[in-house]
Amino acid sequence: MAMAYDPNNIFAKILRGEIPCKKLHEDEFVLAFADINPQAPVHILVIPKGAYVSAQDFGARASAAESQAIFRAIAHLTEQHGIAATGYRLISNAGVHGHQEVPHFHFHILGGRALGSMLTRS
Ligand code: 5GP
């Protein structure tokens, strides 16, 4: 069963304007901002404005408009930040095994350098 949404998670606070962020894109359904601890020259977090814990929660409950807005934002951001041609990685961590730290569904967009193989063993 999906975890209950915690309205006090960090990204909920960013959405409410209680914590600042370096905003890179905003529309009716989506906010994107720079990761505070970047793992690559481009490291962007793309989050729905709605209260979803993870990809499976979003996939089960989000509207078509919300789903489309996430991927439209990713398309826009990869072009805008110059990584559409060179390549990038999309990651969405979920739960304990996925090492999710912030329990509000998000995609990481990582790029700007060769990122190596997909997973470490640790
Ligand atoms: P997760 O492990 O949940 O997939 O990733 C959470 C990400 O959120 C991490 O990459 C972390 O650096 C980022 N993060 C955590 N707190 C903040 C914050 O207050 N502001 C921003 N911009 N990023 C944050």
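The values are calculated or read from the model by the stated rules, or taken from the named source; none is laboratory data. Just so you know, these numbers come straight off a predicted model, no measurement behind them. Ideal geometry is used to build each Cβ from the backbone, glycine not excepted, and the neighbour counts take in all protein chains shown. Note: areas computed on protein heavy atoms with side chains; ligands, DNA, RNA excluded. Shrake-Rupley method; radii C 1.70, N 1.55, O 1.52, S 1.80 Å.
May I ask for the percentage of alpha-carbon pairs in the chain that lie more than 26 Å from each other? Percent of Cα pairs beyond 26 Å in the chain: 17. Its alpha carbons give segment 11-81 an Rg and a Dmax of 12.1, 33 Å. Taking all protein chains together and rolling a 1.4 Å probe, F105 ends up with roughly 10 Å² accessible. Loop-resident GluC sites (Glu not before Pro) (DSSP state other than H, G, I, E or B) in segment 25-122 with no more than 12 further Cβ atoms inside 10 Å of their Cβ: E28, E101.
Between the amide H of V30 and those of K49, distances stay under 5 Å, these residues lying 5 or more places away or on another chain, with hydrogens modeled in the peptide plane.
Which loop trypsin sites (Lys or Arg not before Pro) in segment 1-31, with loop taken from DSSP, have no more than 13 other Cβ atoms within 10 angstrom of their Cβ? Write out the running numbers ahead of the final one.
Numbers: sites: K13, R16, K22, K23; in loops: R16, K22.
Answer in residue order: R16, K22.
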